[in-house]
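Note sheet for the following structure.
The values are calculated or read from the model by the stated rules, or taken from the named source; none is laboratory data. Keep in mind it's a predicted model, so treat the numbers as computed, not measured. All Cβ positions, glycine included, derive from the backbone under ideal geometry; neighbour counts span all protein chains shown.
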Amino acid sequence: METKKIRIKIFTRSFSLELYTLSRTLYEGLEIPIVRLTDKSADGYFFSILKDTECDVAINIDEDAFLINPDALLELVNFVVEHNYANVGCPDGGMALRIFNPIITNPFFNVLNLKLIRTKLIGKNEINAFVDADDWLEKDMLETLLTAAKQKHTDMAYCHAWEHKANKMCLLKSVTFRSNKQLLSQFVARLWTILFRRDFLLKHNINFPLTRSAEDSCMIAAAIMQASSIVFVDKPLYHYIVYSESVSHKRDKQRIAQKYASFSWLFKYAKETGLYDFYYCQLWWIYFKKVVLVTLFK
């Protein structure tokens with residue numbers, strides 16, 4: 001198979017123009033379109049790549065990863081397509097934080113078979129769940145939540161989680177569901193404890209705002225407002241590994257600005273879908289709690 005017959009693009013989630021400029025000189029000679037995406041969350045970056053309908057195979061290279069063998073890269077692209085792989089990359093099991101996911105690929109370099117991934121997404125998948133690469137879940141988590149959702153005919157199902165920090169483990173309790181308004185005003189943004197019906201998300205056009213702060217809170221809030229029913233499973237089924245160097249634990253002016261941008265997206269979504277007036281008090285309460293208070297005191 002000739003690489004020229006495959007529509008390829010190189011993508012970089014870039015925050016430093018200097019690093020990007022240095023690294024891109026090593027693969028400019030490939031004559032492959034290069035796309036630099038800035039100010040994207042990890043989810044926003046992936047979905048931006050996925051939405052590029054002029055690309056069948058995406059080469060994801062971090063701005064601080066340097067390509068030293070262009071021919072091997074093109075051979076790898078052919079290998080991915082010929083063997084029908086969705087993702088090929090480098091193992092990321094060396095760090096203690098990732099011991100529960102020893103074969104997950106590190107996000108600094110991937111070859112993504114978008115054509116295949118889109119086929120899988122359009123297939124018969126019933127649910128959407130979001131799992132951090134650093135974390136792990138109980139073997140029966142998805143089955144338990146899916147069974148509960150089917151039995152109650154709900155749009156969302158969620159559970160408790162365990163937090164692992166400095167060799168200690170504690171229970172992260174989720175709020176018991178009583179009503180959509182109550183859950184919207186009290187929820188903690190633990191996206192990984194929630195299972196969503198995929199057709200529900202598609203029907204109501206529920207996505208992540210393309211920012212790097214509070215995007216999970218806003219996505220969950222949009223789903224809670226739209227859900228016709230929600231079920232709570234009173235069990236800890238997810239294991240959250242605390243990583244002190246995580247971007248989510250950093251406080252800087254850019255993240256604060258993006259937090260405001262995420263909630264601007266949420267308010268716009270609520271108004272466009274006719275939900276703003278009904279959830280007016282809850283929306284402004286979570287804005288005050290998750291944006292104003294965090295900005296002032298965290």
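Might you let me know whether segment 221-242 holds any residue that is assigned to a helix (DSSP H, G or I), closer than 16 Å to Ser41 by Cα and modelled with pLDDT of 90 or more? No, the conditions are met nowhere in segment 221-242. Can you tell which of Gly93, Gly89 is modelled with pLDDT under 80 and either hydrophobic (A, V, I, L, M, F, W, C) or out of contact with any Gly (no Cβ under 8 Å at 6 or more places or on another chain) (or both)? Result: Gly93 is the single residue among Gly93, Gly89 that is modelled with pLDDT under 80 and either hydrophobic (A, V, I, L, M, F, W, C) or out of contact with any Gly (no Cβ under 8 Å at 6 or more places or on another chain) (or both).
Starting from residues that are over 17 Å from the mean Cα position of the chain (by Cα) and modelled with pLDDT of 90 or more, keep the ones in segment 96-121 and report whichever is nearest to Ser41 (Cα to Cα). So, considering only residues that are over 17 Å from the mean Cα position of the chain (by Cα) and modelled with pLDDT of 90 or more, the one nearest to Ser41 (Cα to Cα) is Val111.
Say whether the condition of being farther than 23 Å from Asp43 by Cβ and hydroxyl-bearing (Ser, Thr, Tyr) is met by at least one residue in segment 189-197. I'd like the intermediate steps shown before the answer.
From segment 189-197, those farther than 23 Å from Asp43 by Cβ are none; that's our starting set.
No, segment 189-197 contains no residue that is farther than 23 Å from Asp43 by Cβ and hydroxyl-bearing (Ser, Thr, Tyr).
Quick check: is even one residue across segment 152-166 under 16 Å from the mean Cα position of the chain (by Cα), at pLDDT below 90 and assigned by TED's automatic domain parsing to the domain that holds Lys290? No, the conditions are met nowhere in segment 152-166. The set of residues in segment 66-83 being under 22 Å from Phe15 (Cβ atoms) and surrounded by 16 or more Cβ atoms within 10 Å (Cβ to Cβ) consists of Leu67 alone.
Scanning segment 1-47 for residues being among the hydroxyl-bearing types (Ser, Thr, Tyr), buried (at least 16 other Cβ atoms within 10 Å of the Cβ) and more than 20 Å from Asn69 (Cα to Cα) gives a total of 3. Take the residues of segment 282-298 that are in contact (Cβ under 8 Å) with a residue 40 or more places away in the chain and out of contact with any Ser or Thr (no Cβ under 7 Å at 6 or more places or on another chain): which is surrounded by the fewest Cβ atoms within 10 Å (Cβ to Cβ)? Restricting to residues being in contact (Cβ under 8 Å) with a residue 40 or more places away in the chain and out of contact with any Ser or Thr (no Cβ under 7 Å at 6 or more places or on another chain), the top hit is Lys298.
Tallying residues that are farther than 18 Å from Leu114 by Cβ and part of a helix (DSSP H, G or I) within segment 66-88 yields 4.
Table: residues versus (1) surrounded by fewer than 18 Cβ atoms within 10 Å (Cβ to Cβ); (2) on the phi > 0 side of the Ramachandran plot; (3) among the small types (Gly, Ala, Ser); (4) assigned to a loop (DSSP other than H, G, I, E, B).
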| residue | (1), (2), (3), (4) |
| --- | --- |
| Leu142 | yes, no, no, no |
| Leu145 | no, no, no, no |
| Lys150 | yes, no, no, no |
| Ala161 | no, no, yes, no |
| Met169 | yes, no, no, no |
| Gln182 | yes, no, no, no |
| Val188 | yes, no, no, yes |
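Suppose the filter is among the basic types (Lys, Arg), at pLDDT 95 or above and surrounded by fewer than 20 Cβ atoms within 10 Å (Cβ to Cβ); does Lys250 pass it? For Lys250, the condition - among the basic types (Lys, Arg), at pLDDT 95 or above and surrounded by fewer than 20 Cβ atoms within 10 Å (Cβ to Cβ) - is not met.
Looking at Glu63, is it assigned to a loop (DSSP other than H, G, I, E, B), buried (at least 18 other Cβ atoms within 10 Å of the Cβ) and modelled with pLDDT of 80 or more? Yes.
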